[in-house]
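Encoded as structure tokens, the structure appears first; notes follow it.
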Amino acid sequence: QITRIVRVWIPACFAERGIHVAAVCEKNFKLFVAGQTTEAIILGSLCAIGMLILRIPYAPMIGALVGVTALIPYVGAWIATLVGAFLILTVNPFKALVFIIFLLTLQQIEGNAIYPKVVGAKINLPAMWVLAAITIGGNLAGPIGMFLGVPAAAATYALLKEATDKRETHLKTQEKEQMGNSHKQNIS
């Protein structure tokens, strides 16, 4: 057990803090994966419904493909678009063009409105931070940075909030003690 090894071989003050940080990171990564999966299901469903409304062939199959590939950051959207367009092209070239326009529009709406809200709500991170984490992570490390940027930002946000709350409580306690000491001095 890693926790046991850390507690035995690393000084207590560092071990407990490291274990806590690792637990917060693990929790946020799990929540991120759950949010990512929920978002992929929403996107795949919206794609299938939109395709059915537009009477584009292979709607359920391509909707499922879009949902599955939505789990792959950045590249997944292109894979789904190319494979879906190719399948539809074999039946109706005009519908393939309609599909491409529809899917690109849907992905823009999903990327800017749905994704930050769904994933942000799951990991308790404001939507603006989710977009910033994706942008910064993508610039630093490409698709892997986009994928890991959100849980890293969520863990940082949670740890910073926790530290701020702790510090604020400590300062208030100090302030009360100082006021109590000055009140005692005034009485004497």
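Near the amide H of L54, under 5 Å away, which other amide H atoms are found, from residues 5 or more places off or on another chain, if H is placed in the peptide plane?
Those qualifying (amide H under 5 Å, at least 5 residues apart or on another chain) number zero.
Quick one: net charge of G67's neighbours, Cβ under 13 Å, K/R +1, D/E -1?
Local charge sum for G67: -2.
Do the sum for the chain: with -39,500 (n - 2.57) for every DSSP H run of n ≥ 4, divided by all residues, what is the mean residue ellipticity at 222 nm, to the nearest 500 deg cm²/dmol?
-30500 deg cm²/dmol
Using Cα pairs closer than 8 Å and at least 6 residues apart in sequence, work out the relative contact order for the chain, in percent.
20
What list of ³J(HN,Hα) couplings, whole Hz, do you get for region 47-58 from phi and the Karplus terms 6.51, -1.76, 1.60, once you set θ to phi - 60° and write x for glycine and proline?
4, 4, 5, x, 5, 5, 5, 7, 6, 8, x, 6
Among A23, P11, A40, whose Cα sits farthest toward the positive end of the charge dipole of region 1-49 (+1 at Cβ of Lys/Arg, -1 at Cβ of Asp/Glu, about the Cα centre)?
P11
Among E168, E110, E26, which one shows the highest mean-square fluctuation when the chain is modelled as a Gaussian network with alpha-carbon springs under 10 Å?
Per the Cα network of the chain with a 10 Å cutoff, E168 tops the list.
Residues of the chain: accessible area per residue at 1.4 Å, in Å²?
Here the per-residue accessible area is 64 Å².
Which value, in debye to the nearest 20, describes the size of the charge dipole of the chain about its Cα centre when Lys and Arg Cβ atoms bear +1, Asp and Glu Cβ atoms bear -1, and nothing else is charged?
Using Cβ point charges on Lys, Arg, Asp and Glu, the chain gives about 260 debye.
The values are calculated or read from the model by the stated rules, or taken from the named source; none is laboratory data. Since the structure is predicted, the reported quantities are computational estimates derived from the model, not experimental observations. We place every Cβ from the backbone using ideal geometry, glycine too, and count neighbours over all the protein chains shown. With ligands, DNA and RNA removed, areas are computed over all heavy atoms of the protein, side chains included. Shrake-Rupley method; radii C 1.70, N 1.55, O 1.52, S 1.80 Å.
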